[in-house]
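The values are calculated or read from the model by the stated rules, or taken from the named source; none is laboratory data. What you see is a predicted model, and the numbers here were worked out from it, not measured in a lab. Because the Cβ atoms are built from the backbone with ideal geometry, glycine has one as well, and the counts that use them run over all protein chains shown. With ligands, DNA and RNA removed, areas are computed over all heavy atoms of the protein, side chains included. Shrake-Rupley method; radii C 1.70, N 1.55, O 1.52, S 1.80 Å.
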Amino acid sequence: MEELKSIMDEVIAGNIVETKEGVLQALGKGISPMDVIDKGMVAGLDVVGEQFAAGEIFLPEMMLSAIAAREGIAIAMEGMQKGQYKPRATMVLGTVKGDLHDIGKNIVALFLRSRGFEVVDLGVDVHEEQFISAVREHKPDILGMSCLMTATMAGMKDVISALTEAGLRNTVKVIVGGCPASQEFASEIGADYYSRDAGSTAALLEEVLTEIKGQ
Ligand code: B12
């Protein structure tokens with residue numbers, strides 16, 4: 001679709017104003033916020049990631065693209081959130097220590113909130129002590145961890161070990177995600193679930209809810 005391709009191109013170019021205009025136009029034409037996010041901005045970020053890995057662009061350019069996508073996603077999110085929030089289960093969510101990537105985590109939070117989950121978002125660079133105290137305080141059904149770098153993946157295992165040490169591991173289901181994670185990695189570190197994107201996370205957690213609450 002022409003509008004989505006144009007949003008993708010503006011994200012790749014790091015054009016913040018044009019990205020926001022593109023999002024408004026696409027939403028105005030009735031394109032769903034989910035498609036605007038996934039097929040417009042996230043598709044653009046994927047290209048930017050490849051360009052960065054290949055040394056074709058540098059950090060400042062990647063940052064501009066990230067800001068453009070973040071701003072555009074915020075506009076699309078407003079459309080999705082209206083009237084759709086009704087807590088059915090609680091999830092504590094955060095990006096693990098050392099990792100500052102949060103665009104994907106925020107989309108996961110949005111998708112789950114729109115399905116009636118209460119999401120306690122701890123933000124980025126979240127250390128195991130913070131996850132533990134949030135689990136104690138909020139008694140969530142699910143704990144979600146995000147990581148975008150191979151260097152920060154080990155932080156997820158540290159959180160699971162800390163949960164076990166605190167005697168809390170059996171009180172909460174643990175799901176991990178983010179581009180370096182995989183089902184194999186999740187099993188290796190003792191997480192309950194892995195999911196590759198926000199859409200499949202929402203679908204998977206619906207099944208988990210049925211399992212744990214009979215909903
Ligand atoms: C945007 C971006 C940035 C932005 C982050 C802005 C922000 N607020 O998040 C900025 C410019 C700040 C940045 C910085 C850096 N980045 Co960066 N960044 C990216 C980029 C281009 C896109 C990430 C993104 O947002 N994707 C879009 C979202 C929607 O996708 P996602 O995060 O994967 O999320 C989806 C799924 O993974 C899943 N998911 C995510 N979280 C969770 C959680 C749960 C529980 C579940 C179930 C699912 C789930 O659902 C999400 C939605 O569908 C990626 C490349 C890429 N294509 O991934 C590199 C990338 C992640 N960055 C990289 C690097 C190296 C860095 C820096 C170290 C660069 C530097 N030299 O300083 C720093 C690190 C800073 C730090 N300490 O964290 C590398 C990591 C390489 C590696 N394998 O370790 C990548 C892969 C680029 C590359 N190809 O080299 N980055």
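Some values worked out for this structure:
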quantity: Matching residues, the stretch 44-61, being at pLDDT below 90, open to solvent by less than 50 Å² (accessible area, probe 1.4 Å) and closer than 17 Å to ILE16 by Cα; calculated: LEU45, VAL48
quantity: Failed condition for ARG169, given (1) in contact with a His (Cβ under 7 Å, 6 or more places away or on another chain); (2) more than 13 Å from the ligand (Cβ to nearest atom); calculated: (1)
quantity: Every pair of residues 6+ apart whose Cβ atoms lie under 6 Å, when the first sits in the stretch 190-212 and is closer than 17 Å to PRO180 by Cα while the second is part of a helix (DSSP H, G or I) and open to solvent by 50 Å² or more (accessible area, probe 1.4 Å); calculated: TYR194/GLN183
